[in-house]
Amino acid sequence: MATSFHSLTFSSSLSKTLHHSHSSSVSSIIFHHSSTHSSFNGQSVNLPRLRLSKLKQNPPKHFFVMMMAKPTMQFIRGTDEQTIPDVRLTTSRDGTNGTAIFNFDQPSVFDSFREVADITGLYMIDEEGVLQSVDVSAKFVNGKPSGIEAKYVMRTPKDWDRFMRFMERYSDANGLQFIQK
């Protein structure tokens, strides 16, 4: 049984090359990074002031606090990766499974740590939790690390949806744009 794949690409302006598909049955979607630095663009919410008399009459039983964390990627837990990756996605025609391939050119993890062995995986962190992949490989040029490629496999529609929610948050936080080809 032949499986047909669609391709999606997340790309930064730092990328020196564009990924081209060689198959006529593959479509491309690109996220383009417009800036190398960004700050968290959270939404401000103004809440009305509560009157003390209302609190005394009907004291609230529970308070829910939701922390909105900036979505980030890490190779070493606790150390955010500053380099925005190029991301290529493939998905089956029915959208039930797929793979995300991340290419980091000169990642900042190489600046902070001298040992590539310290890299334990790719951790994609947002307010929903952590997506993790251990399929990570370093690229070397003249004996020095120059890039990292990581693969994240999505085996179910639930995995795919969760990954896309992370990428939407990550792209919003890092100035990526969605461009369909």
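Using a 10 Å cut-off on Cβ atoms, rank the peptides 142-155, 96-109 from the highest mean neighbour count down.
96-109, 142-155
Taking a cut-off of 15 Å between Cα atoms, list the aspartates and glutamates near K158, but don't count ones fewer than 8 places away on the same chain.
Cross-link targets: D94, E128.
Check G147: other-chain or 5+ apart residues with amide H under 5 Å from its amide H, H built from backbone geometry?
Those lying under 5 Å, H to H, from G147 are Q106, K139.
If packing is taken as the mean number of other Cβ atoms within 10 Å per residue, what is the order of 77-86, 124-133, highest first? Intermediate values should be presented prior to the final figure.
On the way: 77-86: 17.8, 124-133: 15.8.
Highest-to-lowest ranking by the protection proxy: 77-86, 124-133.
Given H placed on each backbone N at 1.01 Å, which residues far from Q177 in sequence or on other chains put an amide H within less than 5 Å of it?
It is H32, H33, S34, by chain and number.
If each Cα of the stretch 71-181 is one equal point scatterer, what is log10 of I(q)/I(0) from the Debye formula at q = 0.10, 0.14, 0.17, 0.18 Å⁻¹?
Debye intensities relative to I(0), on a log10 scale: -0.29, -0.57, -0.82, -0.92.
Would you mind checking which residues have amide H under 5 Å from M154's amide H? H placed 1.01 Å from N; only 5 or more apart, or other chain.
Counting only residues 5 or more places away or on other chains, the set is G98, T99, A100.
I need the phi-derived Karplus couplings for the stretch 98-105: 6.51 cos²θ - 1.76 cosθ + 1.60, θ = phi - 60°, integer Hz, Gly and Pro marked x.
Values, residue by residue: x, 9, 10, 10, 9, 10, 9, 8 Hz.
FYI, it's all coordinate maths here, none of it is from the lab. Since we're looking at a predicted model, the values are computed, not measured. Note that we place each Cβ from the backbone using ideal geometry, even for glycine, and neighbour counts take in every protein chain shown.
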